[in-house]
DNA sequence: TTGTAAGCGTTATCAA
DNA sequence: TTGATAACGCTTACAA
């Protein structure tokens with residue numbers, strides 16, 4: 001029924017050694033004579049041996065499996081995080097078992113149980129349906145990324161700092177009024193660092209500001225777009241002649257705001273500044289590359305594996321040590337592009353000598369007729 | 001050293017049954033009395049049993065592991081494909097071991113060997129560094145997606161049909177001249193269906209056309225952007241007064257062309273039509289949602305698993321059957337948006353009563369002064 | 001319906 | 001430096 005595989009027993013028979021010696025050839029070759037190594041090596045080739053890690057795992061207890069649980073993979077942030085995790089292969093040799101939970105509690109729990117049954121050595125979790133208290137009880141090292149992390153280790157972007165950076169940049173580029181725009185906050189455990197950092201700076205500098213939260217289900221692009229468009233129109237209407245700085249909670253939102261502005265004005269208007277959050281490709285590839293607070297996903301991934309690996313190693317010792325929980329924080333980086341420059345006009349792609357059509361508005365004043373309905 | 005785990009032996013001792021009966025409780029519960037099921041169930045809870053799939057795998061030979069090898073995950077297409085694969089969990093229960101090969105032969109081979117050592121039951125491969133002939137020799141079911149597939153099963157988008165659809169749409173919306181734009185073709189095995197379908201229609205309808213291939217390394221966004229911009233400027237210069245229909249080999253390219261056009265004109269120009277390929281989010285979320293030939297990634301993923309599963313099941317039979325290789329083809333769908341409509345003017349977001357600035361060009365004629373250098 | 005016993009292919013322990 | 005033997009935790013004939 002099974003493909004007949006070559007096992008240590010076969011090699012042993014072929015070479016006259018015991019299975020133990022064959023095992024040692026792989027795990028501690030130095031304990032063999034060079035000659036014998038040669039002999040075994042030849043036998044391996046002759047018989048075309050292929051290692052069987054499942055058997056090894058069963059015997060040793062070390063799977064080198066890491067469970068990776070994300071809400072989804074169609075969002076760039078999560079896919080990029082997985083990408084960065086996989087990149088670590090050469091360093092740790094961990095294999096990743098990937099699951100999408102869609103933030104549904106039952107899915108998440110099922111998958112986690114599944115992971116445990118595969119004896120994963122650790123879990124990286126980005127979805128947030130299950131409280132960290134429960135995760136901690138699994139008896140497996142767990143590192144959280146951007147989620148509630150009371151009872152487990154975690155690595156997070158310094159959102160507060162990000163909010164500070166964003167507001168500061170908007171302030172520096174001469175904005176009179178600042179706006180924080182976010183979608184609905186469904187996750188109650190979600191921290192409000194971005195908003196709070198923003199507010200801190202506004203308060204500190206004495207800049208008038210508003211916090212605008214859309215309540216539209218953000219799974220629908222068009223609806224969300226329309227909601228944000230309305231917000232922006234409203235802002236334009238209420239603050240004529242002022243320079244308005246908008247900080248969006250993420251790049252997707254920022255992209256929508258940008259799109260709306262450019263579609264309305266035919267260019268990026270003088271009297272607006274815009275900054276997003278995440279540093280996702282859309283910020284660079286948008287019609288006008290826009291400023292953003294870049295999350296260092298590579299650093300986060302690296303750090304998370306560091307923390308996880310530390311715990312795994314401690315656990316694998318003969319006398320398992322218990323490592324204290326760690327909460328790491330990664331500072332985001334300001335990515336300063338056209339939408340937050342003093343002269344905020346969108347320059348055309350290089351190669352053009354003269355302006356196209358409608359590239360300048362008439363002096364930072366927007367046309368009220370734009371703001372219908 | 002190891003966390004003491006509860007095993008069948010423990011349950012057996014607790015309940016007075018044999019290990020076999022416990023095993024049966026999980027794999028064929030119907031063969032037990034309801035009473036005894038109850039008894040075992042209670043014991044499981046009492047001892048807090050957790051199944052160990054590694055042991056099961058070793059004993060049964062069935063891992064339920066599928067190897068998934070992609071060039072990368074930062075491109076939306078690949079991430080989305082993985083997403084769709086993971087979605088199949090409820091249907092097949094396969095667990096995916098994910099690797100990024102960056103299309104490097106040595107990486108790819110290492111990872112494949114690794115997958116084999118974990119006794120994966122099958123492999124889905126999208127990267128193309130290793131010839132299918134070698135893959136076929138591994139003795140494990142393999143399904144290729146969008147790559148050379150001479151010796152293995154595969155599922156592909158009907159690229160030829162896609163090219164036909166694209167050219168037909170451009171023809172229908174009144175274009176005088178058609179252009180196929182693509183980046184460098186590094187992969188020699190890559191089929192030219194999109195281009196060929198395009199050419200077929202152009203020839204059939206007697207429309208003048210050009211095939212334009214950039215030779216700029218497409219890993220650099222800016223460079224690629226500039227290269228395509230130049231192409232477009234050149235087209236505009238050479239075909240004044242004509243309606244020019246551009247078909248880009250993928251949405252990323254189309255997005256660049258669109259961006260360039262909108263940046264140059266302040267809006268999407270009358271005398272251009274544009275269609276991309278892939279149906280990626282950028283086509284919908286771009287400043288002007290553009291037309292595209294949508295790949296049905298969900299269908300492709302589903303079909304691939306179907307084919308793979310068929311082979312796996314055949315192989316798992318007592319007398320393994322050999323299933324012939326299958327080459328499936330999935331027809332793409334035309335996604336018709338503003339950039340290929342007769343009146344191709346970009347309408348502003350709803351809610352605006354009057355036009356903004358520079359939303360109309362003066363009659364399909366472009367300004368030559370735009371085309372500097 | 002249940003039990004016995006022999007694996008599955010390694011690693012770990014102890015002894016030689 | 002090497003080997004015999006017992007795990008590892010489950011599945012699977014075959015027997016009862």
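Using a cutoff of 8 angstrom between alpha carbon atoms and counting only pairs six or more residues apart, the relative contact order for the stretch B:8-60 works out to 29 percent. Would you work out if chain A is rounded, prolate or oblate? Take a ≥ b ≥ c from the square roots of the eigenvalues of the alpha-carbon gyration tensor; rounded if a/c is under 1.5, else prolate when a/b is larger than b/c, oblate otherwise. In terms of gyration-tensor shape, prolate.
When DSSP beta bridges are limited to those with both residues in the protein assembly as shown, what percentage is antiparallel, rounded to the nearest 5? Antiparallel bridges make up about 10 percent of those DSSP assigns within the protein assembly as shown. Mind giving me the FRET efficiency for residue B:185 and residue A:234? R0 is 45 Å, r the Cβ-Cβ distance, nearest 0.05 is fine. E(calc), rounded to 0.05, equals 0.40.
Residue order for A:78, B:151, fewest other beta carbons within 10 angstrom first, comes to B:151, A:78. Projecting 7 Å from Cα along the Cα-to-Cβ direction, the label point of residue A:240 sits 4.1 nm from its equivalents in the other copies, listed shortest first.
Taking the C-alpha atoms only, the angle from helix A:251-265 to the longest principal axis of chain A is near 30 degrees. For residue B:186, inter-copy separations between label points set 7 Å beyond Cα along the Cβ vector come to 3.7 nm, shortest first. Shape class of the stretch A:8-60 from the alpha-carbon gyration tensor: oblate, with a/c at 1.5 or above and b/c at least as large as a/b. From its DSSP helices (H runs of at least four residues, each -39,500 (n - 2.57)), chain A gives a residue-normalised ellipticity at 222 nm of -13000 deg cm²/dmol. Over chain A, what relative contact order in percent results from Cα pairs under 8 Å that are six or more residues apart? Relative contact order, chain A: 15 percent. From least to most packed, judged by other beta carbons within 10 angstrom and beginning with the fewest, B:173, A:202 follow the order B:173, A:202. In terms of its C-alpha gyration tensor, the stretch B:1-141 comes out prolate, because a/c is 1.5 or above and the ratio a/b outweighs b/c.
Listing B:168, B:219, A:255 from fewest to most neighbouring C-beta atoms within 10 Å gives B:219, B:168, A:255.
With label points set 7 Å from Cα along Cα→Cβ, the inter-copy distances at residue A:109 are 4.8 nm, sorted shortest first.
FRET efficiency for the pair residue A:35 and residue B:50, taken as 1/(1 + (r/R0)^6) with r the Cβ-Cβ distance and R0 = 30 Å, rounds to 0.05.
Taking the DSSP bridge list for chain A and keeping only pairs wholly inside it, about 5 percent are antiparallel. In chain B, the longest principal axis of the Cα atoms and the axis of helix B:159-172 are about 30 degrees apart. Comparing B:198, B:26, B:99 in a Gaussian network model of chain B where C-alpha atoms under 10 Å apart are linked, the largest mean-square fluctuation is found at B:26.
Only the coordinates and a few stated rules stand behind these numbers; no lab work does. The shown structure was predicted, so the numbers you read here are calculated from the model rather than taken from an experiment. Glycine also receives a Cβ, built like all others from the backbone with ideal geometry; neighbour counts cover every protein chain displayed.
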